[in-house]
Amino acid sequence: MPRPSEVYLFNSHELPRRAGEMKEYSIDITVPEPVGIDVIAVLAGEDVHLELRLESVTEGVLVSADLSAIADGECMRCLEPIELDIDRRIQELYRYEPQKAHTKAERKRARQEADDLDDDDDLMMEGDIINLEIPIRDAIVLDLPINPLCAPDCPGLCAGCGVRWSALAPDHIHEVIDPRWAGLGAVHGLDQDDEPNGNLSQM
Ligand SMILES: [Zn+2]
Ligand SMILES: [Zn+2]
């Protein structure tokens with residue numbers, strides 16, 4: 001079994017390390033675990049499609065990609081399942097590993113030094129390997145709404161019965177009977193025939 005994150009590794013060995021060289025790929029990555037936020041995410045087993053372009057530049061490889069995927073979640077108001085198309089552009093520079101290091105230990109030390117110098121968001125290649133996990137995760141999470149809705153004007157659920165408003169009649173209401181009068185009504189017998197909402201007591 002490969003480690004889950006291995007699906008995000010892309011081998012760039014076909015790309016010559018000469019500034020100006022370029023390669024394009026069309027790839028699908030089947031994500032091994034959900035990518036997104038609690039309420040909406042690209043689910044495990046779903047594909048993330050990438051139109052990938054690798055360009056050799058002096059410091060490393062410039063990675064651009066058009067990412068597309070489908071996220072699944074539920075409407076925050078009415079809890080209906082929703083699907084969301086994700087379309088996002090990624091662009092990241094992956095730096096080459098430091099050159100003069102020959103042994104593994106030297107490479108590790110050099111990489112650590114580079115890590116200390118560089119910003120946290122700088123990405124580095126491991127040999128020819130480009131790890132796409134962070135930019136893919138970031139792109140998807142940034143494209144997802146914090147409060148996903150099935151429609152911008154989703155009316156949500158009726159507070160009285162918990163049924164979706166979209167499934168209820170437009171004149172749906174709940175009779176709010178003041179408990180003090182409810183007792184009185186029982187005594188005197190409220191006139192049921194004049195009440196248009198009598199059938200709602202089933203809900
Ligand atoms: Zn909704
Ligand atoms: Zn109701």
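Computed from the coordinates by the stated procedures, all read-outs in this text should not be read as laboratory data. Note that this is a predicted model, so its numbers are computed, not measured. Using ideal geometry, Cβ is built from the backbone for each residue, glycine included, and neighbour counts are taken over all protein chains shown.
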Inset, instruction - Label region 27-85 by shape, choosing from rounded, prolate and oblate, from the square roots a ≥ b ≥ c of the eigenvalues of the Cα gyration tensor; if a/c is under 1.5 it is rounded, and otherwise prolate applies when a/b is larger than b/c, oblate when it is not. - result: prolate
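Show me 32-42, 142-152 ranked by packing, highest mean number of other Cβ atoms within 10 Å first.
Numbers: 32-42: 18.2, 142-152: 13.4.
Packing order, densest peptide first, comes out as 32-42, 142-152.
Sorted by average packing, counted as other Cβ atoms within 10 angstrom per residue and highest first, what order do 4-11, 21-28 take? Provide the component values of the computation, followed by the final result.
Working: 4-11: 14.9, 21-28: 12.2.
Packing order, densest peptide first, comes out as 4-11, 21-28.
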Legend entry - Whole-Hz ³J(HN,Hα) from phi, Karplus 6.51 cos²θ - 1.76 cosθ + 1.60, for region 70-86, glycine and proline x: 10, 9, 10, x, 9, 4, 5, 8, 10, 6, 5, x, 9, 10, 10, 7, 10
Legend entry - Stokes-Einstein diffusion coefficient of region 4-143, Kirkwood radius over Cα pairs, 4 °C, 1.567 mPa s, in µm²/s: 79 µm²/s
